[in-house]
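Q: After the structure tokens below, expect a handful of questions from me.
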Amino acid sequence: MSNYALDKNTFLRRIKRLYSEWREPAIAHDDTLKKVDCIMCVVGVDEDIVYSKSRALEIWLLGYELTDTISIFAKDAVYFLASKKKIEFLKQIENVKEEGVPEIKLLLRDRNDKDKANFDKLKEVIKSSKNGKTLGVFAKDVSTSEFCDSWKAALKGESFENLDVGAALAYIMCPKDEPEINNIRKASLVSVDLFNKYLKDEIMDIIDSDKKIKHAKLSDGVESALTDKKYVSGVDTSVLEMCYTPIIQSGGSYSLKFSALSDKNYLHFGAIVCSLGARYKFYCSNISRTFLVNPTDTMQENYNFLVNVQEEILKLLKPGAKLNEIYDTTVEYIKKEKPKLYDNFTKTFGFAMGIEFRENSIVIGPKCHAEVKKNMVFNVNVGIANLTNSDASEKEGKTYALFIGDTVLVGDSSPANIMTPSKKKIKNIGIFIKDDSDEEDGDEKEEVKEDKGTEILGRSKRNAVLENKLRTETNTEEKRKQHQKELAQLLNEKARERLAKQGESKEVEKVRKNTVSYKSVSQMPREPEVKELKLYVDKKYETVILPVFGIPVPFHISTIKNISQSVEGEYTYLRINFFHPGATMGRNEGGLYPQPEATFLKEVTYRSSNVKEHGEISAPSSNLNNIFRLIKEVQKRFKTREAEEREKEDLVKQDTLILSQNKGNPKLKDLYIRPNIVTKRMTGSLEAHTNGFRYISVRGDKVDILYNNIKSSFFQPCDGEMIILLHFHLKHAIMFGKKKHVDVQFYTEVGEITTDLGKHQHMHDRDDLAAEQAERELRHKLKTAFKSFCEKVESMTKQQVEFDTPFRELGFPGAPFRSTVTLQPTSGSLVNLTEWPPFVITLDDVELVHFERVQFHLRNFDMIFVFKDYQKKVAMVNAIPMNLLDHVKEWLNSCDIRYSEGIQSLNWAKIMKTITDDPEGFFEQGGWTFLDADSGSEGENEEEESEEDEAYEPTDIESLEESEEDSEYSEASEDESEDSEELGSDEESGKDWSDLEREAAEEDRNQEYTDDKPNGKTYDSKKHSKSSKHSRRDREVQLRQSKKNKSTASTSNSSHSKSAKHASSSGHSSKDKHHDRSRDKHHSSSSSHKDKSKDKSNHHSSSSSSHKRSRDDSRDHGHKSKKSRH
């Protein structure tokens, strides 16, 4: 009790409210207070009693529960009879004198006479209060203790009439003040955290791993999670408790009451009803949800209707409405929409809540006539019981129930504000398990599961980020390939249909507006400079009047390309260059010149003297200087205006923002905007109105974003980031800061982005620890505020605006622009929002994804997004680590997006132009199948290789020289590997590296033998050793290629390692080096050289036929190679 302090102001405010209602009762539905002369409150010491009116009244007034205490509320005074410690606690309110507040008198318990004198005193107080006959009591409360029993015995001798005032006082306490609302809000957030972070994930894991867990054990786990900082943070856990034991129900046995208990049956994977509520500083909250595992269409339809019913109740909960009327209106709605379900609905739709979990006298039911007041808190819960699922195969799944409930606060207007913001639409609570029996053995099941950090449990198809977790080990790669084949078939069909619907709508070429200086001669200026044939700038019409052959000729400023001024001797020269056809070489000038065949003036130069004659105010050249300056000014102004018009010309006109006058609009303050409105960064506030958001900076700049123009909206919390942000990706660009923007972001910083390295402080210094603690608290505060804002906006817009949160765990690095950033999937997009410019790809717009430079010896690969709108430029993400290729593939596959891969970088601009020029022809030739590795691309690659190889053909002398060193090497190695030679009898299957090398060497030597024999000459093997190094290396590369194509062996033996080392040490020719350098910087091949396909085929054919003969020859000449080696 020493930890608690009595809040004097709160006590005075509430006791004043209690007495004013008693003196002048204004409760229309209950007149009990008019009849009582005195009110008595008795609290015992029974710890089993959690909720009672007596305890609630004490907590409401004093902020603490005083056991073994009697409180008597007389007409002009309040008497407290308690022990010494409790009297000390109450001392600060004893001598308060304030208008409307009764006198406070404290009586100390006397154990000597067992409080007989005190009891007599209290009885006299009751008798002297008003008429002294009727005593207001809490009839349903049971106070058990020796002290309470003595007081009851003392009252028995008196003839007081007892009248229950519980309902009347409950109604007085029902409207909550600010401290009470804050306590309930914290309790509600704890309930949501327990549900989202623990219970939801626990149920998902149970379903995922097919565990058997009892309802009671799961309920106990929720209670233990209440004190775990992993799930509950930001509140004082010492004043935190559960309102009731969490209720988990499934398997056909349901009781949609809060008095129900979790039984010891195992959790059934059907309809799982969960209810829990946290209590913070004595104030209660509640959240109820139903998980549906593989729900049928009827179940989903019934659940959606239940959500709609709750939304209807929230609309009706507004100040002035009567609870029975709210109930009747809701029943009419149910009977109108689904009359068959009316009998299955719960008999009441919620109740008031506060210090007591359930206020039985204030219920949304047919018999309660209480009027709703502002700041009342209700537990709005609706359920449908005893529903039948005829499609269920198990007995437990035949009967199911649906139940949802939330803690809500009545505001100034409807609908009521939900204080437990956990999403409850079918896409958020539906758990869909796919059955893979068609593909595999029939026992494998795959659960569609979203990231644990999100509010969403299961979403299907394209608009979901899915993590496939298999219950049994299966070949995920094969499944992925099979799924991709199915997607590939659908891709071409859908693309062809889409293009056919679009028709031949081609973009109309924009014609430049023809600028006219003057529409008639009358508009020409009458200035003396014009008459005197001087150069003149007309700022009004943005025209330069130049004298040409003695006639003033107007030229609009848009016709002037540039001007230059120079001084040479006594003269100043002004040169004016004009736009004309052919001035922009290589560019498309279509539309720039309405009459391109007309005669154009290219340039004109004017000269004027710098010498000032007698009597002249200034030199004649001063006019040229002035004209030069004015032309520059007008040109700058015109170009600025033109740029703005170009920005605005394709803007879609937005609706007008309708401002809401409601003071409770969702609002966030101290936010920065990106991109900046002006150069300097400044803060502002973002507020949600009727049909859009309005951001107002501290300078007064306004940016309006309408709900119907938002394509995607994102909320990125500050977990692992230095900023917390809201991001809007728009359908049509909006204009602010004189530029168009499709992405608008509002953010605030949550910590020091820069660190002062000059501070030489120890990591455990108090200042540093305090700063870290302050930053943690700030992060939690901001996260709560942003999350609350998002939930309110979603509720206000009826999910028209729905905020996605990036899944950080699924993120991967990549470079969509210049720098490498972390790309994070959301439920419908791939985004990077932290760095600017942002990267936002909407998955619904993506046709397919192609991976480039996929070679396993490379560290990175590139990712190309091809959009359904083929006119749109493809999006590219570079430098994604190769070890994340499977991760990205898995994510795309789970989102039903077709992907392909290749080793080359493609010219996508050319490809897309080819497709858009002749889409029918493209799809007739196979469409997007040309990207598949197993289509016809391999053959094409081989042809390309052969063409490249044929570019270099050595002469006969070179080939002869190259073959000689091969002969020397092969004869030596032949002798060494004679034993291993006999191991492989089948020459065509399972040859190792040494066999293939030996065959090639023998073939070369045999070729040498047949070429040399007619001439009777022999070649010294030492003589051409230098020139043959290159040939040796090329042969080895050829053998590697041959081995790869034939797939004869998967591993190489030790002799191969030696030969590979020998080959790698040999020098590279300059031609090969040039070939390596000429490759694309992202493309490095595993073999730097390619062999001639012609030679390759000859080698394969000859190696098998002449192997035996060449082996005998090599044995005969083996001693020569040994001698030559030394």
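The values are calculated or read from the model by the stated rules, or taken from the named source; none is laboratory data. Predicted model only: the values in this text are computed from it and were never measured. Using ideal geometry, Cβ is built from the backbone for each residue, glycine included, and neighbour counts are taken over all protein chains shown. Accessible surface is based on the protein model in full, side chains and every heavy atom, while ligands, DNA and RNA are left aside. Shrake-Rupley method; radii C 1.70, N 1.55, O 1.52, S 1.80 Å.
Okay, residues lined up against (1) part of a loop (DSSP other than H, G, I, E, B); (2) out of contact with any Phe, Trp or Tyr (no Cβ under 6 Å at 6 or more places or on another chain); (3) of a type outside the set (Phe, Trp, Tyr); (4) open to solvent by less than 30 Å² (accessible area, probe 1.4 Å):
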site	(1), (2), (3), (4)
29	yes, yes, yes, no
33	no, no, yes, yes
40	no, yes, yes, yes
46	yes, yes, yes, no
56	no, yes, yes, yes
59	no, no, yes, yes
90	no, no, yes, yes
97	yes, yes, yes, no
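Q: Go through segment 161-222 and tell me which helices (runs of 4 or more DSSP H), entirely inside it, have 3 or more residues that are buried (at least 20 other Cβ atoms within 10 Å of the Cβ) and not β-branched (Val, Ile, Thr).
A: Working: elements: 166-173, 178-193, 201-209.
Fully inside segment 161-222 and qualifying: 166-173, 178-193.
Q: Taking only segment 808-823 into account, find how many residues are assigned to a loop (DSSP other than H, G, I, E, B) and closer than 13 Å to residue 880 by Cβ. Give the steps one after another, and end with the answer.
A: Let us first name the residues in segment 808-823 that are assigned to a loop (DSSP other than H, G, I, E, B), namely 811, 816-820.
Those left that are additionally closer than 13 Å to residue 880 by Cβ: 811, 816, 820.
Result for segment 808-823: 3.
For (1) at pLDDT 85 or above; (2) closer than 30 Å to residue 412 by Cβ; (3) of a type in the set (Phe, Trp, Tyr), each residue gets a yes or a no:
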residue	(1), (2), (3)
581	no, no, no
585	no, no, no
627	yes, no, no
650	no, no, no
656	yes, yes, no
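Q: Consider segment 288-324. How many of its residues are under 30 Å from residue 412 (Cβ atoms) and of a type in the set (S, T, N, Q)?
A: Going residue by residue through segment 288-324, those that are under 30 Å from residue 412 (Cβ atoms) are 288-289, 304-324.
Now drop any that are not of a type in the set (S, T, N, Q), which leaves 288, 304, 308, 310, 324.
Number of matching residues: 5.
Q: While we're here: Across segment 349-385, what is the total count of residues that are closer than 14 Å to residue 319 by Cα and either free of Cβ contacts under 8 Å to residues at least 40 places away in the same chain or open to solvent by 20 Å² or more (accessible area, probe 1.4 Å) (or both)?
A: Result for segment 349-385: 5.
Q: Looking at segment 799-814, which of its residues are touching an Asp or Glu at 6+ places or on another chain (Cβ under 8 Å), open to solvent by 20 Å² or more (accessible area, probe 1.4 Å) and either farther than 21 Å from residue 892 by Cα or free of Cβ contacts under 8 Å to residues at least 40 places away in the same chain (or both)?
A: The answer is 802, and nothing else.
Q: Could you go through segment 298-311 and let me know if any residue there is open to solvent by less than 20 Å² (accessible area, probe 1.4 Å) and outside any helix (DSSP H, G or I).
A: no
Q: Return a yes/no flag: does segment 649-671 have any residue that is assigned to a helix (DSSP H, G or I) and open to solvent by 50 Å² or more (accessible area, probe 1.4 Å). Don't jump to the end; show me each part of the working.
A: The initial filter retains those residues of segment 649-671 that are assigned to a helix (DSSP H, G or I), namely 649.
Next, from what is left, pick out any that are open to solvent by 50 Å² or more (accessible area, probe 1.4 Å): 649.
Yes, segment 649-671 contains at least one residue that is assigned to a helix (DSSP H, G or I) and open to solvent by 50 Å² or more (accessible area, probe 1.4 Å).
Q: I need the full set of residues from segment 598-625 which are modelled with pLDDT of 80 or more, surrounded by 10 or more Cβ atoms within 10 Å (Cβ to Cβ) and assigned to a loop (DSSP other than H, G, I, E, B), in order please.
A: If the condition is that a residue be modelled with pLDDT of 80 or more, surrounded by 10 or more Cβ atoms within 10 Å (Cβ to Cβ) and assigned to a loop (DSSP other than H, G, I, E, B), then 600, 601, 602, 610, 611, 612, 618, 619, 620, 621 are the ones that fit.
Q: Shifting gears a bit: Are there any pairs, at least 6 apart or on different chains, whose C-beta atoms fall under 9 Å, with the first in segment 861-872 and farther than 11 Å from residue 843 by Cα and the second among the basic types (Lys, Arg) and open to solvent by 10 Å² or more (accessible area, probe 1.4 Å), and if so, which?
A: From residues that are farther than 11 Å from residue 843 by Cα, the pairs are 861/853; 862/853.
Q: Follow-up. Please tell me if residue 75 is among the basic types (Lys, Arg), under 23 Å from residue 22 (Cα atoms) and in contact (Cβ under 8 Å) with a residue 40 or more places away in the chain. Don't jump to the end; show me each part of the working.
A: Working: among the basic types (Lys, Arg): yes; under 23 Å from residue 22 (Cα atoms): yes; in contact (Cβ under 8 Å) with a residue 40 or more places away in the chain: yes.
Against the criterion (among the basic types (Lys, Arg), under 23 Å from residue 22 (Cα atoms) and in contact (Cβ under 8 Å) with a residue 40 or more places away in the chain), residue 75 qualifies.
Q: Can you tell me which residue within segment 142-159, out of those that are over 14 Å from residue 68 (Cβ atoms) and assigned to a loop (DSSP other than H, G, I, E, B), is least open to solvent (accessible area, probe 1.4 Å)? Explain how you work it out, then say what you get.
A: First, the residues of segment 142-159 that are over 14 Å from residue 68 (Cβ atoms): 142, 153-159.
Cutting the leftovers down to assigned to a loop (DSSP other than H, G, I, E, B) gives us 142, 157-159.
On the way: 142: 92, 157: 72, 158: 53, 159: 114 Å².
Selected residue: 158.
Q: Now for a separate question. Examine segment 319-335 for a residue that is assigned to a loop (DSSP other than H, G, I, E, B), surrounded by fewer than 22 Cβ atoms within 10 Å (Cβ to Cβ), out of contact with any Cys (no Cβ under 9 Å at 6 or more places or on another chain) and small (Gly, Ala, Ser), and state whether such a residue exists.
A: Taking segment 319-335 first, the residues assigned to a loop (DSSP other than H, G, I, E, B) are 319-321.
In the following step, the residues that additionally are surrounded by fewer than 22 Cβ atoms within 10 Å (Cβ to Cβ) were identified as 319-321.
Restricting the remaining residues to those that are out of contact with any Cys (no Cβ under 9 Å at 6 or more places or on another chain) gives 319-321.
Okay, now just the ones that are also small (Gly, Ala, Ser), so 320-321.
Yes: one or more hits.
Q: Would it be correct to say that residue 240 is surrounded by 21 or more Cβ atoms within 10 Å (Cβ to Cβ) and not hydroxyl-bearing (Ser, Thr, Tyr)?
A: Criteria not met by residue 240.
Q: If you check residue 705 against the conditions, is it surrounded by 14 or more Cβ atoms within 10 Å (Cβ to Cβ) and assigned to a helix (DSSP H, G or I)?
A: Working: surrounded by 14 or more Cβ atoms within 10 Å (Cβ to Cβ): yes; assigned to a helix (DSSP H, G or I): no.
For residue 705, the condition - surrounded by 14 or more Cβ atoms within 10 Å (Cβ to Cβ) and assigned to a helix (DSSP H, G or I) - is not met.
Q: Wholly within segment 247-288, which strands (runs of 3 or more DSSP E) include no fewer than the required count, namely at least 3 residues that are of a type in the set (A, V, I, L, M) and open to solvent by less than 10 Å² (accessible area, probe 1.4 Å)?
A: Values: elements: 247-249, 271-276, 278-280.
Strands (runs of 3 or more DSSP E) meeting the threshold: 271-276.
Q: Starting from residues that are among the hydrophobic types (A, V, I, L, M, F, W, C) and in contact with a Ser or Thr (Cβ under 6 Å, 6 or more places away or on another chain), keep the ones in segment 779-825 and report whichever is farthest from residue 746 (Cα to Cα). Write out each step before concluding.
A: Taking segment 779-825 and keeping what is among the hydrophobic types (A, V, I, L, M, F, W, C), we get 782, 785-786, 789-790, 793, 796, 801, 803, 807, 810, 812, 815, 817, 821, 823.
Within this subset, residues satisfying the condition of being in contact with a Ser or Thr (Cβ under 6 Å, 6 or more places away or on another chain) are 801, 803.
Details: 801: 16, 803: 13 Å.
Here the answer is 801.
Q: Looking at (1) surrounded by fewer than 21 Cβ atoms within 10 Å (Cβ to Cβ); (2) within 24 Å of residue 932 (Cα to Cα); (3) at pLDDT 90 or above, which is the only condition residue 837 fails?
A: Residue 837 satisfies all of (1) surrounded by fewer than 21 Cβ atoms within 10 Å (Cβ to Cβ); (2) within 24 Å of residue 932 (Cα to Cα); (3) at pLDDT 90 or above except (2).
Q: Going by the structure shown, is residue 359 closer than 25 Å to residue 420 by Cα, within 38 Å of the chain's Cα centre (by Cα) and among the acidic types (Asp, Glu)?
A: Here the answer is no, as residue 359 does not meet what is asked.
Q: Which of the residues belonging to segment 818-853 are acidic (Asp, Glu) and without any contact (Cβ under 8 Å) to a residue 40 or more places away in the chain? Spell out how you get there, then give the answer.
A: The initial filter retains those residues of segment 818-853 that are acidic (Asp, Glu), namely 835, 844-845, 847, 852.
The answer is 835, 845.
Q: Take the residues in segment 851-873 that are of a type outside the set (A, V, I, L, M, F, W, C) and within 19 Å of residue 817 (Cβ to Cβ); name whichever of them is surrounded by the most Cβ atoms within 10 Å (Cβ to Cβ). Spell out how you get there, then give the answer.
A: Start the filter on segment 851-873 by keeping residues that are of a type outside the set (A, V, I, L, M, F, W, C), which leaves 852-853, 855, 857, 859-860, 862, 868-873.
Subset that is within 19 Å of residue 817 (Cβ to Cβ): 852-853, 860, 862, 872-873.
Details: 852: 20, 853: 22, 860: 18, 862: 18, 872: 13, 873: 10.
Among residues in segment 851-873 that are of a type outside the set (A, V, I, L, M, F, W, C) and within 19 Å of residue 817 (Cβ to Cβ), the one surrounded by the most Cβ atoms within 10 Å (Cβ to Cβ) is 853.
Q: Being touching a Pro at 6+ places or on another chain (Cβ under 9 Å), open to solvent by less than 70 Å² (accessible area, probe 1.4 Å), over 22 Å from residue 892 (Cα atoms) and among the small types (Gly, Ala, Ser): is that true of residue 829 here? If you could, list the steps in order and put the result at the bottom.
A: Values: touching a Pro at 6+ places or on another chain (Cβ under 9 Å): yes; open to solvent by less than 70 Å² (accessible area, probe 1.4 Å): yes; over 22 Å from residue 892 (Cα atoms): no; among the small types (Gly, Ala, Ser): yes.
Judged against the criteria, residue 829 is not a match.
To keep it simple, each residue is scored yes or no on (1) open to solvent by 20 Å² or more (accessible area, probe 1.4 Å); (2) at pLDDT below 85; (3) on the phi > 0 side of the Ramachandran plot.
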| position | (1), (2), (3) |
| --- | --- |
| 895 | no, no, no |
| 901 | yes, no, no |
| 935 | yes, yes, no |
| 940 | yes, yes, no |
| 943 | yes, yes, no |
| 951 | yes, yes, no |
| 954 | yes, yes, no |
| 958 | yes, yes, no |
| 961 | yes, yes, no |
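Q: Given 869, 862, which one is of a type in the set (Asp, Glu) and under 27 Å from residue 501 (Cα atoms)?
A: On the way: 862 fails: under 27 Å from residue 501 (Cα atoms).
Selected residue: 869, the only one of 869, 862 that is of a type in the set (Asp, Glu) and under 27 Å from residue 501 (Cα atoms).
Q: Those residues that are open to solvent by 20 Å² or more (accessible area, probe 1.4 Å), within 16 Å of residue 625 (Cα to Cα) and of a type in the set (A, V, I, L, M), I need them from segment 534-585; list them, please.
A: 567
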